[in-house]
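Presented below is the structure to which this report refers.
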Amino acid sequence: MTKALIIGGGIAGAVSAMALQKAGIDAEIFEAYPTGADDVGAFLVVFANGLEALRVIDAHGPVVAHSFPAQRVEFFGNGGERLGERPIAGTEQGTDLGPRTLRRATLYQVLHTEAARRGIAVRHGKRLVGAETVHGAGGKRVVATFADGSRAEGDLLIGADGLHSVTRTLIDPAAPRPRYTGQNTVCGYTRDAGTPLAPDTYTMIFGKRAFFGCTLAPDGEVWWFANVPGTELDRSRPPAVTPGAWRERVAELFADDDTPAAAIVRATGDRVIASNAYDIATTPTWHTDTMVVLGDAAHAAAPNAAQGASMAIEDSIVLAKCLRDGPDPHSAFAAYEELRRERVEKVVAASAGMAKLTASGTTGRPSSQDRAERGSAGADNWLTGYRIEW
Ligand SMILES: Cc1cc2nc3c(=O)[nH]c(=O)nc-3n(C[C@H](O)[C@H](O)[C@H](O)COP(=O)(O)OP(=O)(O)OC[C@H]3O[C@@H](n4cnc5c(N)ncnc54)[C@H](O)[C@@H]3O)c2cc1C
């Protein structure tokens, strides 16, 4: 039986392991972190295309069970004026799986639990540092080396190791590094927002100096994020700015606006988490004969289009299908790239456009088309109407 080594136990890692199992390919996941997976405390939306891709492997149920609907988005200007409202695409595209909001950590957890239930092995504390192709009697094999000195051997290696992928640079040492977009994404959670919010709705505010969005969880907690201009945070050190200082910095950016954003931020305790927004416009080489990248490792988009998780899920299903059908890994990887590259790079470009729109210094109001796209990229059928035939 073909054996796949999957590097990274995030979204693409767990989903590709389950999809490979459906394709009759044995897979083992190697995750860098000792427990769980890397998470910065953010929340996200999984759109109909991502959920429909999960349905192919019958893994959509647990995600739906641990999330809440994201049905519409309302836009406001910095004076509190209502700019418009629209549904977030979903049910009208012939699916009962509309978009859902959940924490990134919850998504990791439910996918891991589901993979474990299916008997898929996850090795924690295994940080990939090297990989080489070796030639055996049965053909090409790949040997992965981990930071703890251990090794693993398989027929192919799948780099599901995210934005700062090591696999990407093992495949091509000249691969582009993630580009910092100039924005920090700050998320927070509060039970004391003091602002009435409609359920299942995203409230989006174009502030004078930053962009704000929030939604109401079923338990009454308000989940908010802000895209704020700023310098790149040093990922190699403990945070230099405390959660409280971030809260004040973000609240200050909305203080001159006549909207609830500043009050919601100020009502937040220390559950404030800041991260850098990155993207990679294109990764020229996705695979060798034995190694391939998918998800953020292959095509990182700025968070604005909110499609990174859905794209990682789609990639995982398509790659497994290509490996099921291909005569050898190299041909399967080429078929997967052919099926995926144009679509995912279109999403990266769309997200970069949205990031610009919400950046500080945007003058004047966004056009109605821009507004429609922000937060509801799913309105475009090409994006959320995508379906995979297994
Ligand atoms: C603030 C923020 C908001 C976002 N909002 C949304 C949204 O609303 N909707 C959406 O769809 N997407 C959103 N995204 C993007 C989404 O989270 C990513 O696109 C998605 O997580 C990509 O999945 P992945 O499996 O490719 O990578 P990841 O989920 O990052 O998983 C990579 C895994 O690999 C592990 N790893 C890394 N290096 C190694 C190594 N050397 N060896 C072994 N393991 C390794 C990591 O620990 C991690 O577990 C957001 C991202 C951020 C930061």
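Between P284, S67, L170, the Cα set farthest toward the positive side of the dipole of the chain (charges on each charged residue's Cβ, about the Cα centre) is that of L170. Relative to the longest principal Cα axis of the chain, at what angle does helix 11-22 sit, 0 to 90 degrees, rounded to 10? Roughly 40 degrees, rounded to the nearest 10.
Its DSSP H runs of at least 4 residues, each contributing -39,500 (n - 2.57), put the calculated 222 nm mean residue ellipticity of the chain at -9500 deg cm²/dmol, to the nearest 500. Between segment 100-114 and segment 152-189, how many Å separate their Cα centres? Segment 100-114 and segment 152-189 have Cα centres spaced 20 Å from each other. Placing +1 on each Lys and Arg Cβ and -1 on each Asp and Glu Cβ, with no other charges, gives segment 1-108 a dipole about its Cα centre of roughly 80 debye.
Checked against a 22 Å cut-off, the cross-linked pairs K208/K346; K3/K346; K208/K356 give Cα-Cα distances beyond that limit for K208/K346; K3/K346.
Model label points for A334 and A281, set 7 angstrom from Cα along the Cα-to-Cβ axis, are 2.8 nm apart. Could you pull out which residues in segment 252-267 have an amide N less than 12 Å from a spot 7 Å beyond the Cα of K208, following the Cα-Cβ vector? Inside the label zone: 253-259.
If a spin label sat at a point 7 angstrom from the Cα of A121 along the line to its beta carbon, the backbone N atoms of segment 140-167 nearer than 20 Å would be those of 141-161. Basic side chains Lys and Arg get +1 at the Cβ, acidic Asp and Glu get -1 at the Cβ, and with that the dipole of the chain about its Cα centre reaches some 300 debye. Averaging the sequence gap over all C-alpha pairs within less than 8 Å and six or more residues apart, then dividing by the number of residues, gives the chain a relative contact order of 23 percent. Choose one answer from W224, W246, W286: the residue with the largest mean-square fluctuation in a GNM of the chain with alpha-carbon springs under 10 Å. Comparing W224, W246, W286 in the GNM, the peak value goes to W246. Within the listed set G139, G41, G50, the Gaussian network model of the chain (springs between alpha-carbon atoms below 10 Å) gives the highest mean-square fluctuation for G139. I'd like to know which of N49, L216, V344 lies farthest towards the positive end of the charge dipole of the chain, counting +1 on Cβ of Lys and Arg and -1 on Cβ of Asp and Glu. Of the options given, the answer is L216.
Coordinate-derived values only; no laboratory data. Fair warning: this is a prediction, and the values are worked out from it, not measured in the lab. So basically every Cβ, Gly included, is an ideal-geometry build from the backbone, and we count neighbours across all protein chains shown.
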